[in-house]
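Before I ask anything, let me first share the structure, which is written out below as structure tokens.
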Amino acid sequence: YEAFFSRYLVVLTRRAIKWSKLLKGNKSIQKSLKVKRYIRKGIPNEHRALIWMIVSGAQANMEQNPGYYHRLLEGEKNDKLVEAIKTDMNRTFPDNVKFRKTADPCLQHTLYNVLVAYGHHNKAVGYCQGMNFIAGYLILITKNEEESFWLLDALIGRILPDYYSPAMLGLKTDQEVLGELVKMKVPAVAELMERHGVMWTLVVSRWFICLFIDILPVETVLRIWDCLFYEGSKIIFRVALTLIKQHQAFILEATNFPDICDKFKQITKGTFVTECHSFMQKIFTDPGSLPMATINKLRETCREKVLSQG
């Protein structure tokens, strides 16, 4: 990892210079092919929060609703929601010193505020497990409570439709969509899953719910999120397909149900995913063409299938 990181630092330095030229001290950026290309090559950490805010639409929403976040925190609270959030506080990044109760400032308090505000802002979703990790990552990157709230809103409200609602219809649908895409792109793996009766939800649900947090290395997750905020949920399919395609031979060695589940845990580790720069190049080449029209069509049919299964 250290050998990789010393090489990667050179890349980061080069990218930082290019980004500084692009931004020229401005706090705004227009969507363009150049910006898309820059984002795919990684946003330097010092510009990450700003770029996420702009390209996701979170910045515009925050500016159009001044004081809204603080009003949510000052308003009446739903006791059940507050209790559910409190329960998950100590389970969120227990190994990260900033989230420990003893930390000063303790990010648990910030996390609690963001989640409580969001639960009251989007009552249809409220709170569900997984959101704590996503909000936690946003807080670590933005170091700003209100920005984290608006980025969470961009993700849950727009980028990941219906992933966190009580029925999780969007999440279930997208897992099925991935299954269909694997049939098209890596048919041997799809056939193996079918033969052993392994449902996709068993091996990939955490990829979708946690957006690869605690599954892939931190730097790789941040690079995926750079593209997710700009290009939308299609990126999740690109990452999943790349992991499966790259490790096809390894997965196909599995001879039974538990074996398959174990292989899927192992493919998210090792140098292939640690080398985030080459990994990100791969996600745009390995899966081949992936038009949004195809994904939307698959979403329609898979959604019907999920609804009919009740």
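Considering only the stretch 99-122, I want to know if a residue exists there that is touching a residue at least 12 places away in the same chain (Cβ under 8 Å) and among the basic types (Lys, Arg).
No, there is no match, as no residue in the stretch 99-122 is touching a residue at least 12 places away in the same chain (Cβ under 8 Å) and among the basic types (Lys, Arg).
Could you please give the count of residues in the stretch 259-292 that are within 14 Å of Val204 (Cα to Cα) and not aromatic (Phe, Trp, Tyr)?
Count: 8.
Any residue at all in the stretch 170-181 that is without any contact (Cβ under 8 Å) to a residue 24 or more places away in the chain and within 28 Å of Gly57 (Cβ to Cβ)?
For the stretch 170-181, residues without any contact (Cβ under 8 Å) to a residue 24 or more places away in the chain and within 28 Å of Gly57 (Cβ to Cβ): present.
So for the stretch 199-207 (the condition being closer than 28 Å to Ala293 by Cβ, of a type in the set (A, V, I, L, M) and surrounded by fewer than 19 Cβ atoms within 10 Å (Cβ to Cβ)), does at least one residue qualify?
yes
Determine whether the stretch 138-157 contains at least one residue that is out of contact with any Phe, Trp or Tyr (no Cβ under 8 Å at 6 or more places or on another chain) and among the hydroxyl-bearing types (Ser, Thr, Tyr).
yes
For the stretch 9-39, enumerate the residues that are over 22 Å from the mean Cα position of the chain (by Cα) and touching a residue at least 60 places away in the same chain (Cβ under 8 Å).
Listed by number, the list holds a single entry, Val11.
Additional query: Residues that are free of Cβ contacts under 8 Å to residues at least 24 places away in the same chain and of a type in the set (D, E, K, R): find the helices (runs of 4 or more DSSP H) completely inside the stretch 206-310 holding 3 or more of those.
Passing ranges, in order: 257-266, 292-309.
Look at Tyr127 and say whether it is under 30 Å from Pro287 (Cα atoms) and either assigned to a loop (DSSP other than H, G, I, E, B) or at pLDDT below 95 (or both). Show your work before the answer.
Values: under 30 Å from Pro287 (Cα atoms): no; either assigned to a loop (DSSP other than H, G, I, E, B) or at pLDDT below 95 (or both): yes.
It is false that Tyr127 is under 30 Å from Pro287 (Cα atoms) and either assigned to a loop (DSSP other than H, G, I, E, B) or at pLDDT below 95 (or both).
Now, a different point. If Glu180 satisfies all but one of (1) over 30 Å from Asp95 (Cβ atoms); (2) out of contact with any Leu (no Cβ under 9 Å at 6 or more places or on another chain); (3) of a type outside the set (Gly, Ala, Ser); (4) open to solvent by 10 Å² or more (accessible area, probe 1.4 Å), what's the number of the condition it fails?
Only one criterion in (1) over 30 Å from Asp95 (Cβ atoms); (2) out of contact with any Leu (no Cβ under 9 Å at 6 or more places or on another chain); (3) of a type outside the set (Gly, Ala, Ser); (4) open to solvent by 10 Å² or more (accessible area, probe 1.4 Å) is unmet by Glu180, namely (2).
Only one of these conditions is not met by Lys143: (1) farther than 18 Å from Val114 by Cβ; (2) touching a residue at least 40 places away in the same chain (Cβ under 8 Å). Which number is it?
Answer for Lys143: the failing condition is (1).
Based on this model, can you work out whether Ile141 counts as assigned to a helix (DSSP H, G or I) and within 30 Å of Lys305 (Cα to Cα)?
Judged against the criteria, Ile141 is not a match.
The values are calculated or read from the model by the stated rules, or taken from the named source; none is laboratory data. Model, not experiment: these values are computed from the prediction. No Cβ is skipped: glycine too gets one built from the backbone with ideal geometry, and neighbour counts run over all protein chains shown. Just the protein is used for accessible areas: all its heavy atoms, side chains included, with ligands, DNA and RNA removed. Shrake-Rupley method; radii C 1.70, N 1.55, O 1.52, S 1.80 Å.
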